[in-house]
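Undergrad: Input: one structure, supplied below.
Rule-based calculations on the coordinates, nothing more; no lab input. All values derive from a computational prediction rather than experimental measurement. Note that each Cβ is placed from the backbone with ideal geometry, even for glycine, and that neighbours are counted across all protein chains shown.
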Amino acid sequence: MADRYFVEAPIDGTRASLVGSEAHHLAHVMRAKPGDAVVLFDGSGVQFEARVASIGRSEIELEVLAREAVARELPIRVTLGVALPKGDRQRWLVEKAAELGVARLVPLIGERAGEHQSESSLGRLRRAVIEASKQCGRNRLMEVSPQQTLPVFLSDQRPDSLRWFAQPGGTPIGELLPALPAEFPPGVVIAIGPEGGFTDAEVAAATAHGWQPVDLGKRILRIETAALAVVAAVVAHVEAS
Ligand code: SAM
């Protein structure tokens, strides 16, 4: 796949410009020259063939040659609410969720916490989404929402969506997947608990809101393993259907 660059502003004409780290990478790491070909995307689902027109001190001007709608999204919308782990583990989780095709990730705070997300840490996670999308060919960005409390997340979802919370002892995921149609507009919403697990009160609240507990096997998984195990199972099911 050709080198891909993310353009913040929607591309709607024959010119586009790269700034910030994208411009730095193209100019100083790839040592681009006027006339070089690149692929651009702006998060709208479309990718663009483009050519470097000029390289400035902090901005690269590009000539847009062609646009192509390339569908690399999942056939169903997957929302992942997760009490994010610390440090590199949270960046890794976010990057892999974007690669797998999650539409929206919501950092959760529950009774047993979840790492607090400042505006700057959310910014770093959004940057990780862009890097993952450049690499995996995705032309829409996974949304990283502001942090939500678990009660808000539980009650905020479409009642006709499939709502699963990962909980040892729940229904085995292999029993739930066959009932998931390959196309299901309400989508699937998944909640993953913090290191200490969901409290009994949180489990009761989730069940009262119509969420289903999902078991992922006999081992206790770390947060990121549990999150990606559910998402990967959904992806394998809907993309093979
Ligand atoms: N001490 C906690 C317990 O025993 O429940 C472990 C929590 S685990 C590190 C973090 C989260 O991952 C859990 O709250 C749950 O959402 C999910 N999880 C981990 N292993 C799981 C499994 N085997 N089945 C379902 N969910 C699991």
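Undergrad: Name every residue in segment 190-216 that is within 16 Å of the ligand (Cβ to nearest atom) and among the aliphatic types (A, V, I, L, M), in order of residue number.
TA: Ile190, Ala191, Ile192, Ala201, Val203, Ala204, Ala205, Ala206, Val214, Leu216
Undergrad: Can you report the number of residues in segment 1-11 which are touching a strand residue (DSSP E or B) at 6+ places or on another chain (Cβ under 9 Å) and loosely packed, with under 12 Cβ neighbours inside 10 Å?
TA: Going through segment 1-11 one residue at a time, the tally reaches 3.
Undergrad: OK, next. In segment 68-99, how many are surrounded by 21 or more Cβ atoms within 10 Å (Cβ to Cβ) and of a type in the set (A, V, I, L, M, F, W, C)? Lay out the reasoning, then the answer.
TA: Here is the first cut: in segment 68-99, the ones surrounded by 21 or more Cβ atoms within 10 Å (Cβ to Cβ) are 76, 78-84, 90, 93-94, 97-98.
Adding the requirement that they be of a type in the set (A, V, I, L, M, F, W, C) leaves 76, 78, 80, 82-84, 93-94, 97-98.
Residues meeting the conditions: 10.
Undergrad: Let me ask something else. Any idea which residue in segment 169-204 is surrounded by the fewest Cβ atoms within 10 Å (Cβ to Cβ), counting only those that are at positive phi and under 24 Å from the mean Cα position of the chain (by Cα)? Please lay out each step first, then the result.
TA: Taking segment 169-204 first, the residues at positive phi are 169, 187, 197.
Next, only the ones that are under 24 Å from the mean Cα position of the chain (by Cα) stay: 187, 197.
Working: Gly187: 18, Gly197: 16.
Top of the filtered list is Gly197.
Undergrad: Quick one: how many residues across segment 15-39 are surrounded by 15 or more Cβ atoms within 10 Å (Cβ to Cβ), over 24 Å from the mean Cα position of the chain (by Cα) and in a helix (DSSP H, G or I)?
TA: 2
Undergrad: State all residues of segment 156-189 that are among the β-branched types (Val, Ile, Thr) and more than 9 Å from the ligand (Cβ to nearest atom); if no residue qualifies, say none.
TA: Within segment 156-189, Thr171, Val188, Val189 meet the criteria.
Undergrad: For residues that are of a type in the set (S, T, N, Q) and assigned to a strand (DSSP E or B), scanning just segment 45-68, find the one that is nearest to the chain's Cα centre (by Cα).
TA: Here the residue is Gln47.
Undergrad: What's the number of the only condition in (1) touching a helix residue (DSSP H, G or I) at 6+ places or on another chain (Cβ under 9 Å); (2) in a helix (DSSP H, G or I) that Tyr5 fails to meet?
TA: Of the numbered conditions (1) touching a helix residue (DSSP H, G or I) at 6+ places or on another chain (Cβ under 9 Å); (2) in a helix (DSSP H, G or I), the odd one out for Tyr5 is (2).
Undergrad: Here's another thing I want to ask about it. Which numbered condition in (1) over 28 Å from the mean Cα position of the chain (by Cα); (2) surrounded by 13 or more Cβ atoms within 10 Å (Cβ to Cβ) is the only one that Asp42 fails?
TA: Going through (1) over 28 Å from the mean Cα position of the chain (by Cα); (2) surrounded by 13 or more Cβ atoms within 10 Å (Cβ to Cβ) one by one, Asp42 breaks only (1).
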